[in-house]
Structure formats: structure tokens, C-alpha cells
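Notes for the one structure printed next.
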Amino acid sequence: MNIGIVGLGLIGGSLGLDLRKAHHTIYGMSRSARTCELAVQRGIADVADCHPQILERADVVILCPPIGLIESVFDQVQPYLSPKAIVSDVGSVKGAIAPLLHQRWPRFIGGHPMAGTAESGIEAAQSDLFQGRPYVLTPLEDSDPVAVETLKALVQDLGATLFLASPRDHDRAVSLISHLPIMVSAALIAAAMDSDNQGVLQLAQSLASSGFCDTSRVGGGNPELGRMVAQFNREELLRSLDLYEHHLQQLRRLITLGEWENLEHSLHHTQTARPHFLES
Ligand code: NAP
């Protein structure tokens, strides 16, 4: 199958590597001629160009720029797409993008490969990034079944685990397990820095170990990513923050009242629940 990939960064480049390995022909499009050269050299694309005309033979086009640019990149490439082309994206938020692009291109189906690294750009692209990882497709009720089946087959070619969800359910779920943790973890780092005693702060920094490392990792990540998910998944993130504040208040109340058995019971409950989020 002829597959166009627009935006040859970490996700776009990694898709190119694996879809080429699965014997698809990749037409890459990048803003920079140097990236096009690198894409061909690294085996990410069979051919690559800065002009969207490169996409005219593509059966499937996957848009891989930052979330805030997916619609404008679609505007740029749309005039050059085959009328039969199936279009998808890889944005980490779906509600703000998928229904809108579906209206404009009925064969658009949102996608979100849930894999990544802390790196970005074409240099960060790697093989097998999606192997065994979830890949969510968000078809709508009136989505073209052939387009859905075609994308499902590509997810299978990547070795990823397919999930189907509505854009809203997707955004609600990722808000809880991905976007909320960024904010909670950022608040944790801010709280740890908030000591008015310089000696205590320095001691805390020296003593911080695996517990702080685990809980602060996503709060210490790429600020642009945090801003993007908050901006584009604002409603669901606010809902998740409300839930979090509620549960934090519950724990605070038990500690204030010295209800140690109830506190332990509550922590038993979370201890039992945690593996269910990590088993897959
Ligand atoms: P990335 O490595 O920075 O790649 C994004 C690519 O988009 C850039 O390499 C660039 O490619 C292109 N781009 C940047 N600015 C652009 C502009 N102004 N106009 C047109 N193209 C532009 O980022 P990424 O991690 O691959 O993320 C890309 C998408 O994947 C995002 O929508 C993100 O939500 C989603 N996603 C990311 C992860 C993750 O963990 N990183 C996971 C799942 C999904 P060219 O230089 O080739 O133009």
C-alpha cells in the first residue's frame, strides 16, 4: 500500500521505519529538505519531499505534526490528496481534532499510537516503537468501514495492540492516566521546592531517591507537551483534576482526624487497584 507520512519526527519517522519493514511504500513529507534526505537515507521513506504533491499517490496519509498544527497541515495537503485517500493522525488528543477533520474529509479516522520517548525529531525515530503498545483508533458512527478496516490492518502491521474508542472516551481515559499525572507530578516538584528553609531544601534534594524519581518523572518532562495536552484536552483534564482534588481531600481529612485504620484501608484499596492499570 502507498502510505504518505506528513511530519517526519519521532512518531512519523518511527511509523515510516516499521510500515516500510511491513512492505508498504512510504511517501514522506517534511518541511525541511535535509529531513527528506535523512528520511530516505535512514529507510524511513522510499521517497520524501517538502511539497505536498508527493502525497498524490498515497492510499493512506498519516498526519504527524504537533497537535496544534494537525488541522493547518491538513489544509496544506488536502488539495493534493487522492479523493479516495484515507487520512489519519497521531495526535495525543482526539476530541478537538477527529470530529472536525471527519466533517471535512469523510475518510478521516483519528488515531493515537501510545508509545514514545523523551526525544523528538527525525533523529529520535526508531524501529519497533509501537510493538506491543496500545494504538487507539477513534472512528465515528458514520465512519467508512473500509477506512476503519484498512487502518486496523496497518496497526496490526506495526505489532501494536488495537483499541477502538470514541474521541471523547479516548480523551477522558488518557486524561486520567496520562495528562492528570503530568500535572500531579509537576505540583509535587513545585511543593518539594517550596520550602522556606534553604537547608531543608538542600537536604531534601540530596535525599531524593527512587520514590521521588518515579513520582516526579512526568512532571519534569517536556513543558510543551504538558501545555499542549492541557490546552487541547482542557475540559477532561479539569474533570480529572477535580476528581484528584476530591481524593486528596479525603486522604487529608483522614490524616487530620487521625483515622489511621481508615487511612490504611484506603491505601489497601489503591494498592489492589494499581496492578489493573499496569498489567497490560
Ligand atoms: P516531534 O518528534 O517533534 O515531531 C513532530 C514533527 O512535526 C517535526 O519533526 C516536524 O517534522 C513536524 N512539524 C513541527 N512543526 C511543524 C510545523 N510548524 N508545521 C508542519 N510540521 C511541523 O514530535 P512527536 O513526538 O513525533 O509528536 C508528533 C505527534 O505525535 C503529536 O501530535 C503528538 O501528540 C503525537 N504523539 C506523541 C507521542 C510522544 O510520546 N512523543 C506519543 C503519541 C503521539 P518535519 O521537520 O519533518 O516537518
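The values are calculated or read from the model by the stated rules, or taken from the named source; none is laboratory data. Because the structure is predicted, anything quoted here is derived from the model rather than measured. Note that we place each Cβ from the backbone using ideal geometry, even for glycine, and neighbour counts take in every protein chain shown. Protein only, heavy atoms only, side chains kept; ligands, DNA and RNA dropped before computing areas. Shrake-Rupley method; radii C 1.70, N 1.55, O 1.52, S 1.80 Å.
Values as computed for the structure displayed
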read-out	value
Some residue of the stretch 51-72 being more than 8 Å from the ligand (Cβ to nearest atom), buried (at least 18 other Cβ atoms within 10 Å of the Cβ), over 18 Å from the mean Cα position of the chain (by Cα) and part of a loop (DSSP other than H, G, I, E, B)	yes
Every residue from the stretch 235-261 that is more than 34 Å from the chain's Cα centre (by Cα) and either among the small types (Gly, Ala, Ser) or open to solvent by less than 80 Å² (accessible area, probe 1.4 Å) (or both)	254, 258, 259
Inter-residue pairs, beta-carbon under 9 Å, first acidic (Asp, Glu) and in the stretch 257-280, second surrounded by 10 or more Cβ atoms within 10 Å (Cβ to Cβ) and assigned to a helix (DSSP H, G or I), 6+ apart	259/253
Residue count for the stretch 137-176, restricted to those that are polar (S, T, N, Q) and not in a helix (DSSP H, G or I)	4
Qualifying residue in the stretch 8-22 (condition: charged (D, E, K, R), open to solvent by 30 Å² or more (accessible area, probe 1.4 Å) and closer than 30 Å to residue 226 by Cβ)	no
Those residues of the stretch 130-145 which are open to solvent by less than 60 Å² (accessible area, probe 1.4 Å) and either within 8 Å of the ligand (Cβ to nearest atom) or within 13 Å of the chain's Cα centre (by Cα) (or both), in sequence order	130, 134, 135, 136, 137
Whichever residue in the stretch 23-46 is more than 14 Å from the ligand (Cβ to nearest atom) and in contact with a helix residue (DSSP H, G or I) (Cβ under 8 Å, 6 or more places away or on another chain) and, among such residues, is most open to solvent (accessible area, probe 1.4 Å)	46
Filter result for the condition that a residue is more than 7 Å from the ligand (Cβ to nearest atom), buried (at least 23 other Cβ atoms within 10 Å of the Cβ), within 20 Å of residue 145 (Cβ to Cβ) and not charged (D, E, K, R), over 82, 88	88
The one condition in (1) farther than 30 Å from residue 69 by Cβ; (2) touching a helix residue (DSSP H, G or I) at 6+ places or on another chain (Cβ under 8 Å); (3) small (Gly, Ala, Ser) that residue 210 fails to fulfil	(2)
Residue check for residue 116: more than 9 Å from the ligand (Cβ to nearest atom) and touching a residue at least 12 places away in the same chain (Cβ under 8 Å)	no
